[in-house]
Structure formats: structure tokens, C-alpha cells
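These notes are about the structure you will find just below.
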Amino acid sequence: MAQLEGSQAPLEFGGPLGTAAMLVLLPATMFHLLLVARSGPARLLGPPPYLPGLEELWSPRALLLLFAWLGLQAVLYLLPARKVAEGLELKDKSRLRYPINGFQALVLTTLLMGLGVTAGLPLGALPEMFLPLAFATTLTSFIFSLLLYVKALVAPASALAPGGSSGNPVYDFFLGRELNPRIGSFDFKYFCELRPGLIGWVLINLALLVREAELRGSPSLAMWLVNGFQLLYVGDALWYEEAVLTTMDITHDGFGFMLAFGDLAWVPFTYSLQAQFLLYHPQPLGWPMALFICLIQAVGYYIFRGANSQKNTFRKNPSDPSVAGLETIPTATGRQLLVSGWWGMVRHPNYLGDIIMALAWSLPCGVSHLLPYFYVLYFTVLLVHREARDEQQCLRKYGRAWREYCKRVPYRIMPYVY
Ligand SMILES: NC(=O)C1=CN([C@@H]2O[C@H](COP(=O)(O)OP(=O)(O)OC[C@H]3O[C@@H](n4cnc5c(N)ncnc54)[C@H](OP(=O)(O)O)[C@@H]3O)[C@@H](O)[C@H]2O)C=CC1
Ligand SMILES: CC(C)CCC[C@@H](C)[C@H]1CC=C2C3=C(CC[C@@]21C)[C@@]1(C)CC[C@H](O)C[C@@H]1CC3
């Protein structure tokens, strides 16, 4: 990995050049996907059907809608929480407190949307606003990231993320400098990671389902499956919201453009690609194939949830009866590494379950187009890269114990494959 003068951690994501390229390529890819999904040929590997002009991208109404959405989610975030959890210990030995009310926010948002639709809210009109909404969200992500970068300039060194002060403005803008940017108790990174983007994804899917019902009389079985699977995924993430507090995004990565754009724009507009494809390319799906796809989804979720819960339970209470009998490797930090159960199968079983689910989300779209499988391809690349980053961090944390773990559990994500 490249190293800059004065930087504290090795550079990632291709350093300044790589991050500069991603500042352009990530939004461009998102808009390409939005345009191709609604085009007849829906050809992923080819030019977009047309290049939209500023008059099609810029809409004050879309910006207003975005801010109303962000404001609603911020209010729901600030509501009294059923629980307040503490994050991992920071460099200064303090621990931040986080509201655990994400699932409550999802339920209240769904109720509000249901009431809105009953009162005549034209939810089915949302798909026609995807381009200006994506443009407004991208613009907001850039401006928000700039404000975060400026805020980090006056933050104490102890508040900075390990990799967020390379000295290169472009790299630091992309990766994010401050680890836990807050105003009062409002944690911007935690809020963005789980609320407007993730719940917005569910709302976009629902709007596409409503639009399909308006156009064709009723939603297709494929649209129901995609909506159901992805609602389960978001509901699961918010139900187990506290687990996010131990992820590298919260504990290690600064909050910059990558996560701001990733959370606010990339998740809702690219993770809803299957539902977008289905609205413009209806797919016949018979019950036998639908049941087979549900089985794939069930297997993926079983592995995903089983592995995540096993590790999170073990980290919270190694004596819990559900994990007490598992074999472990002691480490110099006092923490132990699971080396049996899910985490004895491969080193990231949760990623395997997640990728299997990603496949189940694409299969209802048929096999006539590559576009619906973009998420599976992107997500596999993201998790392979994420796994490599995590390995480096675990090697630094656990040294010999982690090398022993790798010897005992040689495969990373897929048994006997990778
Ligand atoms: N849909 C999406 O876009 C994305 C989804 N995800 C999903 O989010 C979930 C969380 O993934 P991620 O954030 O990468 O973190 P993980 O849940 O994979 O946690 C990794 C951490 O777990 C601990 N760990 C690793 N191996 C062991 C072991 N053998 N025994 C005990 N602890 C171990 C280490 O931390 P420590 O030892 O310090 O506790 C390691 O840093 C996954 O299910 C993933 O699929 C992730 C990214 C994007
Ligand atoms: C190339 C992208 C723009 C880079 C941004 C990636 C982000 C979209 C993801 C980084 C880690 C994420 C996690 C989740 C969603 C996607 C992002 C923000 C989850 C919240 C998804 C649900 C899981 O149960 C937990 C995940 C934590 C990490």
C-alpha cells in the first residue's frame, strides 16, 4: 500500500488518485444504473440511453423532498429510545452513547407512509423523480462531506480516524477525517449509516411496487419477493442496530464522502435496482421458481443471521450458553477468537450469507439481463475488499493468534473456494 509523508496509516482505495477517481466514478455509476434500468434494452455494459440535461437533473422540489425526508428521519432518531448503548472505548478511554431506536423509526415511517397513501399521497409518482432526487442527494453528499472536512480541521487529534489524516485533501475528503462527528449527542455517521439511506431504500422499493400496481393492476410476484426480501434485510439491520457499533465503519473509518454518499445515495438508489428493473421490465415468475428463490433467501439469511448473532453474542458474553461450548483461540488482548461454529467454517461466514441473499434478490428478475445482478457483483467486490481490510486490522490487533486462526480456518468467505 502507498504511504504519504506524515500519514499515520497505509493509504487505501488507491490513495489520492484512486479516491479522486471514485469521487467521479461512484456518482457516474449510480446515474448510469438509474438510466439503464428504465431503458428498454437495460444494457449494463454499454453507454447510457442518453445523457440527462441539468433541466432534468435539477429540481427544487426534489431537494425539498430530500430535506423533508432527512428531517423526518432526524426527528425519529431524536425520539426517546428503548435503549441507549455505549460504543467501543475510544483513544481517550471514553465511550460514546448511541440511541437504539432504528427499528422504531422504520415502523413509524411505515405507518406515516401508510397514512399518507390513504390520504392520497402519490407514492407511485416517486419513481419519476429518481433522477432529480439522486442528483439532489449527490449534491447534498458533496456539500455535507465538505462541511465534515472543515469541521475536522478544528477537531482535536484524538477525534480523528486512524486513516483520515494522510495530509492529502482529496484522500482525506473521500475517506473522512473525523471518526465520530457529532453536534451535541447527534452522531452524523451513525445516523447516516442506518436511517435515511436504509429506510429510504425500503420506501423506494415500496414506491416501485405501488407504481407497478398502478400500471398493471397489481404488483408482480417478483416485485413482492424483492420488496419482501429487502424489507427483511433492513428490518434485521435495524432490529440488531446495536451490532453496527462494532463495525469498522463506526470504530475505524472516518466519516467522509465515501460513507456519506454511500449511505445517503448509493444504498437507496443502487440497492433498489432489482425493483427498478422489474417496474420497467416485468418478469413472469412461476410459483415453483419463486419457492426455490425463497429457499435460497432462507439459506442466506440463516447463515447471515446465525453467524452475526453467534459472534455478537460471544463478544457481549462469552459465557452465554449458546456460545460457551465453542472452541476459541486466546489472544494477547484478552479477547478470544471463535474457531468453531460458524466462524470455524470460514473467517467471514456472515459475508457468505449476505452474498447468497444478494443472489436471491436478483433471481426474481430472470436471467435475460445482467443489470439486476449488478448488486451481487458490486457487493462481492465490496465484501472481498472489506474482508481484506478487516484481516489487516485483525492481524494488527491479534498478531500470532490471528495467524493461528488463519491456519485453522484457511478460507475467507466461501468454503474451499476463497
Ligand atoms: N449490504 C451491505 O452493503 C453491507 C453489509 N455488510 C454486512 O454487515 C455485517 C457486518 O460486517 P462487518 O461490518 O464487515 O463486520 P463483521 O461482523 O464481519 O465483524 C468483523 C469483526 O469481527 C471480529 N471477528 C472476526 N473473526 C472473529 C472470530 N473468529 N471470533 C470472534 N470475533 C471475530 C473482529 O473484530 P473484534 O475481534 O475486534 O471484535 C472483526 O474485526 C456482515 O454480515 C456483512 O455482510 C457489511 C458491509 C456492507
Ligand atoms: C462503494 C460504496 C460507495 C462504499 C460505501 C459502502 C456503504 C454503502 C456500506 C459500508 C458498510 C455498510 C454497512 C451496511 C450498509 C452499507 C454500508 C453503509 C449495513 C448497515 C447493511 C445491513 C447490515 O445488517 C449491517 C451493515 C453494516 C455495514
Contact list please: Cβ distance under 6 Å, first residue in region 334-345 and without any contact (Cβ under 8 Å) to a residue 60 or more places away in the chain, second residue among the hydrophobic types (A, V, I, L, M, F, W, C), pairs at least six apart or on different chains. Leu338/Phe314; Leu338/Leu326; Ser340/Leu326; Gly341/Leu326; Trp342/Ala307
Cβ-Cβ under 6 Å, sequence separation 6+ or interchain: first residue in region 389-401 and free of Cβ contacts under 8 Å to residues at least 12 places away in the same chain, partner more than 16 Å from ligand 2 (Cβ to nearest atom). Which pairs? Cys394/Trp402; Leu395/Trp402
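For region 310-418, list the helices (runs of 4 or more DSSP H) that sit wholly inside it and hold at least 2 residues that are within 30 Å of Tyr280 (Cα to Cα); which are they?
In region 310-418, the matching helices (runs of 4 or more DSSP H) lie at 349-362, 374-398.
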Where Val75 falls short, out of the listed (1) free of Cβ contacts under 8 Å to residues at least 60 places away in the same chain; (2) closer than 14 Å to Phe188 by Cα; (3) touching a Gly at 6+ places or on another chain (Cβ under 9 Å): (3)
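Ala360: away from ligand 2 (no atom under 16 Å from the Cβ) and more than 16 Å from the chain's Cα centre (by Cα), yes or no?
Working: away from ligand 2 (no atom under 16 Å from the Cβ): no; more than 16 Å from the chain's Cα centre (by Cα): yes.
Judged against the criteria, Ala360 is not a match.
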Please pick out the residue among Leu112, Leu64, Leu34, Leu108 that is under 25 Å from the mean Cα position of the chain (by Cα) and under 26 Å from Phe379 (Cα atoms). Leu34
Residues satisfying the stated conditions in region 176-230, i.e. out of contact with any Leu (no Cβ under 8 Å at 6 or more places or on another chain) and on the phi > 0 side of the Ramachandran plot: Gly184, Gly217
Taking only pairs six or more apart or across chains, which ones have beta-carbon atoms under 7 Å, a first residue in region 229-250 that is closer than 18 Å to Gly300 by Cα and at pLDDT 95 or above, and a second residue that is among the basic types (Lys, Arg) and within 10 Å of ligand 1 (Cβ to nearest atom)? Asp236/Arg305
Within region 181-199, restricting to residues that are closer than 17 Å to Asp236 by Cα and of a type in the set (A, V, I, L, M), the one that is nearest to ligand 1 (Cβ to nearest atom) is Leu198
Applying the selection to region 243-263, what residues are in contact with a Phe, Trp or Tyr (Cβ under 8 Å, 6 or more places away or on another chain), of a type outside the set (Phe, Trp, Tyr) and either within 9 Å of ligand 2 (Cβ to nearest atom) or assigned to a helix (DSSP H, G or I) (or both)? Val244, Leu245, Ile250, Met258, Ala260
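The values are calculated or read from the model by the stated rules, or taken from the named source; none is laboratory data. The model shown is predicted, which means the values in this text are computed figures rather than measured ones. Ideal geometry is used to build each Cβ from the backbone, glycine not excepted, and the neighbour counts take in all protein chains shown.
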